[in-house]
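None of the figures in this text is laboratory data; all of them are computed from the coordinates on show. In this text, all values refer to a predicted model and were calculated from it rather than measured experimentally. For neighbour counting, all protein chains shown are included, and Cβ atoms are generated from backbone atoms with ideal geometry for every residue, glycine included.
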Amino acid sequence: MKLKEVYETADGLAPFALSRELIEKYGHYDNSGVMLDCGREVEGVLFSLDLSLAAVAEAKERGCNCIFTHHPAIWEGVKHLTEEDTPALFACVKAGISVLSAHLNLDAAQEGIDESLMRGLGGEAPIAVMQQLSLGGYGRVYDLPERPLEQFVAHIRTEFETERIVCYGERTVKRVASFCGGGFDGGSLAFALAHGADTIVSSDGKHHLIADAAERGLNVVLLTHYAAEVYGLRKFFTRMKEKLTVPCFFFSDERLI
């Protein structure tokens, strides 16, 4: 199949227009879409959260000449395409491996990574969405069955298959605000407070935000960025695999989860 067909399949599940909508409506930056087109028929697709040398090696071993990433393989302008400056991308060029990335659109899509985080934590439907889009959105507040914080964190360890969790607070968990990736900022904290959340779940938390949340009596639960997002990417992979007509594989970087 052609790379364009892989793009169109992804676009049908997580429209790339959502990325542009987030940029225009909420001031985000993104670089989603085709990162590298080697001009060959796609014979296999490897899904990976990041473009890394380990992912490239796995693609070669699996016979895949296309890598589909969540995090953009090219974030900003590349000034030098060299083995030293851009090792994974350079390796793809040498091996003839095309690269496609779906970032903010996949975060915000219906059944995307942010919604998957909510569902993995036990939520079913949001009370409020922080950045509402024409389809889907980003940042959610929702109710859960009441439980002690320790039990909630234990559930996360099991469901997200990670031991790397940082936890602050001691309140009973009843209403959660979650933001996939590095979405814990002043705006999301204000959104959580405005909608009565007792717990915030995200990644990459900065000290002053954690301190502010603690001062206001909120629990803060921080997963690794990888664990919080690879969970939803796996679910997206399952849906994509059913639609693509070439072999598909998933790469999990155990160093990061």
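Close amide-amide hydrogen proximity is noted between F250 and F47, each under 5 Å apart and 5 or more residues distant or on a separate chain (H modeled in the peptide plane; Pro and chain starts excluded).
Shape class for region 110-228: rounded, because the ratio a/c of the largest to smallest gyration tensor axis (alpha-carbon atoms, square roots of eigenvalues) is under 1.5. Among I113, I210, the order by Cβ neighbours within 10 angstrom, fewest to most, reads I210, I113.
Annotation note: chymotrypsin sites (Phe, Trp or Tyr not before Pro) in region 1-97 located in DSSP loop regions with a Cβ neighbour count of at most 15 within 10 Å are Y29, W75. Restricting region 180-250 to trypsin sites (Lys or Arg not before Pro) that sit in a DSSP loop and have at most 15 other Cβ atoms within 10 Å of their own Cβ leaves K206, R216. Under a cut-off of 19 Å between alpha-carbon atoms, report the aspartates and glutamates in cross-link reach of K79, not counting same-chain residues fewer than 8 places apart. Hits, sequence-local ones excluded: D30, D37.
Convert 20 °C to kelvin, take the viscosity as 1.002 mPa s, use the Kirkwood radius over C-alpha pairs of the chain as Rh, and evaluate the Stokes-Einstein diffusion coefficient in µm²/s, rounded to a whole number. My calculation gives 114 µm²/s for D.
The overall shape of region 1-147, judged from the alpha-carbon gyration tensor, is prolate: a/c is not under 1.5, and a/b is greater than b/c. Separation of the alpha carbons by more than 28 angstrom is noted, of K25/K243; K174/K206; K174/K235; K2/K25, for K25/K243; K2/K25. Can you say what percent of the DSSP beta bridges in the chain, counting only those with both residues inside, are antiparallel? Round to 5. Roughly 45 percent of the DSSP beta bridges within the chain come out antiparallel.
Looking at region 110-228, send over the antiparallel percent of its DSSP beta bridges, to the nearest 5. Kindly include the intermediate steps, with their values, before the conclusion.
On the way: 13 of 20 bridges.
Just about 65 percent of them are antiparallel.
The angle separating the long axis of helix 225-243 from the principal Cα axis of greatest extent in the chain is about 50 degrees. Around the amide H of R140, modelled in the peptide plane, lie the amide H atoms of M130, S178, all under 5 Å away and 5 or more residues distant in sequence or on another chain.
Considering only L89, L81, L49, the mean-square fluctuation computed in a Gaussian network model of the chain, springs between alpha carbons under 10 angstrom, is largest for L81.
A cut-off of 5 Å between modelled amide H atoms, ignoring neighbours fewer than 5 places along the same chain, links R175 with L144, D198, T199. Each residue of region 103-112 was assigned a 3J(HN,Hα) from its phi angle through the Karplus expression (A = 6.51, B = -1.76, C = 1.60, θ = phi - 60°), giving 9, 4, 4, 6, 4, 9, 5, 4, 6, x Hz with x at Gly and Pro.
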